[in-house]
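Participant: Sharing a structure here in structure tokens format.
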Amino acid sequence: MQLKRIRTIRNVPRTGLATILIMSSLMGFGFQGHQIVATIASHRLSARAQAEVVRLLDGNPTESMVAASTWADEIRSDSSYDYARTFHYVNLPPDASDYQAERDCPDQACVVGAIRRYEKVLADSSASLAEQQEALKFLIHFVGDLHQPLHAGLAADRGGNDITVIFNGETSNLHRLWDYLLIETRQLSVEDYTSELESKIKRWDAAQWSKGQPETWAVESFQLARNYAYPLPENGNISPDYAKKGLIILDLQMEKAGVRLAWILNQIYRQ
């Protein structure tokens, strides 16, 4: 799959490739990326979905969804949520061409299964307020996770966590690079970054992106990981070209995640 088949390559912002190689103190897909996805989604909610978000998260839809977007990472140190540790990712075999639940997500203990699980909770009128609140916070986060390609990576290297890379002269790992180091190079606030991405989302794009399901989105992310994230030079030194392509992919994936999160919520809360 060629990059042009994903979308015509966008220009990197005017700061250019020099900026791509500059580190900043911002958080990325761990925080900033999730906040961007939540913001995009909040702007696309139906009136009914907005009302439900306000009811469950008790606040302005955008602000409350942004705040909720990182909750699933913030509670990782709480042992009462140990059951959710595997809900942040899914691993597919190296030669996979499709998603198979029994093979890839036994007992629904992966990000695809978690999205399905919490969709059902939100659609269940008999679920308690606390259950629905928790389900919404998990769902906001996991839809974002599913669109980071290495959250659908290979089990052998733990989604790139065991692969060493060198970025801007610093040693890190491949998963961390795609989680937030690449996004950091934009040096944009969540608000400015979101505005930049939203300006590129066309009606046709949104319509196409909303046709899939989490199972197909997982395969999409896996293919991006296999075709673009994993192919590295032997020395693991991240080149400007690799960084440029990675940012194009991440920008597009955040756009898709925001549109799809809104679509899921709008489907659950149909008028």
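The values are calculated or read from the model by the stated rules, or taken from the named source; none is laboratory data. Just so it is clear, the structure is predicted and the values come from calculations on it, not from any experiment. Glycine also receives a Cβ, built like all others from the backbone with ideal geometry; neighbour counts cover every protein chain displayed.
Participant: Looking at the range 61-85 only, could you name the residues that are in contact with a Phe, Trp or Tyr (Cβ under 7 Å, 6 or more places away or on another chain) and in contact (Cβ under 8 Å) with a residue 60 or more places away in the chain?
Facilitator: Thr70, Ala72
Participant: Show the residue pairs that are 6+ apart or on different chains and have beta-carbon atoms under 6 Å apart, the first residue being within the range 124-149 and without any contact (Cβ under 8 Å) to a residue 24 or more places away in the chain, the second being assigned to a helix (DSSP H, G or I).
Facilitator: Ala127/Val121; Glu131/Val121; Ala135/Tyr118; Ala135/Val121; Ala135/Leu122
Participant: Restricting the search to the range 140-170, which residues are small (Gly, Ala, Ser) and in a loop (DSSP other than H, G, I, E, B)?
Facilitator: Gly153, Gly159, Gly160, Gly169
Participant: Let me ask you something else. Tell me whether the range 210-217 contains one or more residues that are of a type in the set (S, T, N, Q) and touching a helix residue (DSSP H, G or I) at 6+ places or on another chain (Cβ under 6 Å).
Facilitator: The answer is yes, given that some residue of the range 210-217 is of a type in the set (S, T, N, Q) and touching a helix residue (DSSP H, G or I) at 6+ places or on another chain (Cβ under 6 Å).
Participant: Something else about it: Tyr89 passes all but one of (1) under 30 Å from Val54 (Cβ atoms); (2) in contact with an Asp or Glu (Cβ under 8 Å, 6 or more places away or on another chain); which number fails?
Facilitator: (1)
Participant: Could we say that Glu102 is over 30 Å from Thr185 (Cβ atoms) and assigned to a helix (DSSP H, G or I) here?
Facilitator: Against the criterion (over 30 Å from Thr185 (Cβ atoms) and assigned to a helix (DSSP H, G or I)), Glu102 qualifies.
Participant: Another question, if that's okay. Please count how many residues of the range 105-127 are in a loop (DSSP other than H, G, I, E, B) and at pLDDT 95 or above.
Facilitator: The total comes to 6.
Participant: Pick from the range 151-189 the residues that are among the small types (Gly, Ala, Ser) and modelled with pLDDT of 95 or more: which of them is surrounded by the fewest Cβ atoms within 10 Å (Cβ to Cβ)?
Facilitator: Ala156
Participant: Continuing with this model, one more query. Answer yes or no as to whether Leu26 is at pLDDT 85 or above and either closer than 21 Å to Val190 by Cβ or part of a loop (DSSP other than H, G, I, E, B) (or both).
Facilitator: Against the criterion (at pLDDT 85 or above and either closer than 21 Å to Val190 by Cβ or part of a loop (DSSP other than H, G, I, E, B) (or both)), Leu26 does not qualify.
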